[in-house]
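Read the structure below first, then the notes.
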Amino acid sequence: MAEHMLILGVTDPAGRKRYLAAAFPSACGKTNLAMMTPALPGWKVECVGDDIAWMKFDAEGRLRAINPETGFFGVAPGTSMATNPVAMATIRSNTIFTNVGRTSDGGVYWEGLDEPLGPGVTVTSWRGEPWHPGSPQACAHPNSRFCVPAGQCPSMDPAWQDPEGVPIDAIVLGGRRPQGVPLVFEAFSWRHGVFLGSAMRSEATAAAEHQGRCLMHDPFAMRPFFGYNAGQYLAHWLSMGHQDGARHLPKIFHVNWFLKNQDGRFSWPGFGENIRVLAWICSRVAGEDNAEVTPVGLVPKEGALDLGGLRGVTHKELFPMDKGFWAREVTELRAYYEENFGEDLPREVMEELEGLEGRVKKM
């Protein structure tokens with residue numbers, strides 16, 4: 001498989017290490033997650049790659065992944081010492097920037113950069129016009145980028161260039177869903193996980209060709225990158241679950257860092273606090289019995305996800321389960337499948353949708 005996925009290593013306080021691959025649409029936090037500075041003491045995150053994963057099963061039946069790239073091509077706006085100190089350390093030198101602002105002292109500037117301008121320093125926007133804080137026009141294009149050698153990242157995993165790849169214990173899917181979708185849930189099975197990948201939706205970002213806050217379908221975060229029939233792509237994912245060489249299938253999860261409350265504020269702090277979610281994922285890989293069944297998947301039992309020290313964050317708000325929301329999702333997904341896949345949609349995917357519909361009706 002050649003996928004639009006980050007790869008990272010997570011080591012717990014006891015020294016046990018797991019590798020995860022994660023598929024998010026562009027500008028939905030892949031680089032921030034791959035370079036995370038964990039907020040929980042004793043946890044360590046190391047980066048294998050932030051954008052592409054090539055994966056195959058080894059002789060023991062374990063899925064292994066390599067990062068075929070030698071650098072990072074990350075979104076600049078929003079990158080700062082507060083959101084991603086590892087990325088900031090990586091791009092301090094020997095880096096190409098595109099469509100960012102330029103400072104008169106030879107530096108770069110963008111929205112969200114939490115570094116004050118020096119006395120007398122002026123800024124030229126990406127449009128080549130004078131810019132100052134508070135200007136109506138943006139300093140940097142929303143999809144402006146940095147391009148930097150991966151070897152400069154201080155948290156690169158020791159095995160990031162191992163030709164054998166790293167063993168993948170879990171696959172994580174996600175997107176920008178402001179309403180309805182829980183913070184994290186686990187697929188019931190490999191087949192259900194493929195369905196979750198096919199059903200991925202996310203608010204459009206500047207990295208896509210659409211403007212505004214419309215929800216876009218983006219199966220496995222691959223919509224811009226499909227090189228062949230998307231129905232056959234899903235069939236290939238399904239086939240990985242029952243071929244002879246696949247004896248140790250990774251668990252599949254879905255996350256939503258972007259859930260908002262009734263006041264329009266994010267329910268989850270994100271960034272380094274995402275280690276709390278990865279910790280629960282690792283616990284599930286280890287076989288811990290700390291999940292409960294919902295119509296959409298397995299969510300953490302109350303108390304299983306460490307929320308200690310997070311003000312105003314409640315389990316109930318992070319794990320909404322609204323019957324009306326999921327009934328609408330089922331209706332919309334069926335229309336999407338019929339219009340975009342037709343007879344090429346694998347039967348198993350439609351059966352999973354029908355299974356979700358049945359469970360939602362019983363809520």
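The values are calculated or read from the model by the stated rules, or taken from the named source; none is laboratory data. The structure presented is a predicted model; accordingly, all values stated were derived computationally and were not measured. So basically every Cβ, Gly included, is an ideal-geometry build from the backbone, and we count neighbours across all protein chains shown. Heavy atoms of the whole protein, side chains included, go into the accessibility calculation; ligands, DNA and RNA do not. Shrake-Rupley method; radii C 1.70, N 1.55, O 1.52, S 1.80 Å.
Taking (1) over 22 Å from Gly180 (Cβ atoms); (2) touching a residue at least 60 places away in the same chain (Cβ under 8 Å) in turn, Val360 satisfies each apart from (1).
Taking the range 286-297 as the search range and keeping residues that are surrounded by fewer than 19 Cβ atoms within 10 Å (Cβ to Cβ) and among the hydrophobic types (A, V, I, L, M, F, W, C), which one is farthest from Ala14 (Cα to Cα)? Taking the candidates together, the pick is Val293. Checked against (1) open to solvent by 20 Å² or more (accessible area, probe 1.4 Å); (2) out of contact with any strand residue (DSSP E or B) (no Cβ under 9 Å at 6 or more places or on another chain); (3) under 28 Å from Ala27 (Cα atoms), His315 passes all but condition (2). Filtering the range 55-106 to residues that are under 19 Å from Met36 (Cβ atoms), in contact with an Asp or Glu (Cβ under 8 Å, 6 or more places away or on another chain), open to solvent by 40 Å² or more (accessible area, probe 1.4 Å) and not charged (D, E, K, R) leaves Phe73, Met81, Ala82.
Table: residues versus (1) open to solvent by less than 20 Å² (accessible area, probe 1.4 Å); (2) under 11 Å from Glu186 (Cβ atoms); (3) hydrophobic (A, V, I, L, M, F, W, C); (4) without any contact (Cβ under 8 Å) to a residue 12 or more places away in the chain.
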{"residue": "Arg265", "(1), (2), (3), (4)": "no, no, no, yes"}
{"residue": "Trp268", "(1), (2), (3), (4)": "yes, no, yes, no"}
{"residue": "Phe271", "(1), (2), (3), (4)": "no, no, yes, no"}
{"residue": "Arg276", "(1), (2), (3), (4)": "yes, no, no, no"}
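Every condition in (1) more than 18 Å from Val45 (Cβ to Cβ); (2) assigned to a loop (DSSP other than H, G, I, E, B) holds for Ala82 except the one numbered (1).
With the structure loaded, tell me whether Thr31 is out of contact with any Lys or Arg (no Cβ under 6 Å at 6 or more places or on another chain), at pLDDT below 95 and either in a strand (DSSP E or B) or not basic (Lys, Arg) (or both) or whether it fails that test. For Thr31, the condition - out of contact with any Lys or Arg (no Cβ under 6 Å at 6 or more places or on another chain), at pLDDT below 95 and either in a strand (DSSP E or B) or not basic (Lys, Arg) (or both) - is met.
Residues in the range 318-342 that are open to solvent by 70 Å² or more (accessible area, probe 1.4 Å) and in contact (Cβ under 8 Å) with a residue 12 or more places away in the chain were compared, and the one that is farthest from Lys361 (Cα to Cα) is Asn340. Across the range 318-352, the number of residues qualifying as in a helix (DSSP H, G or I) and in contact with a Ser or Thr (Cβ under 9 Å, 6 or more places away or on another chain) comes to 5.
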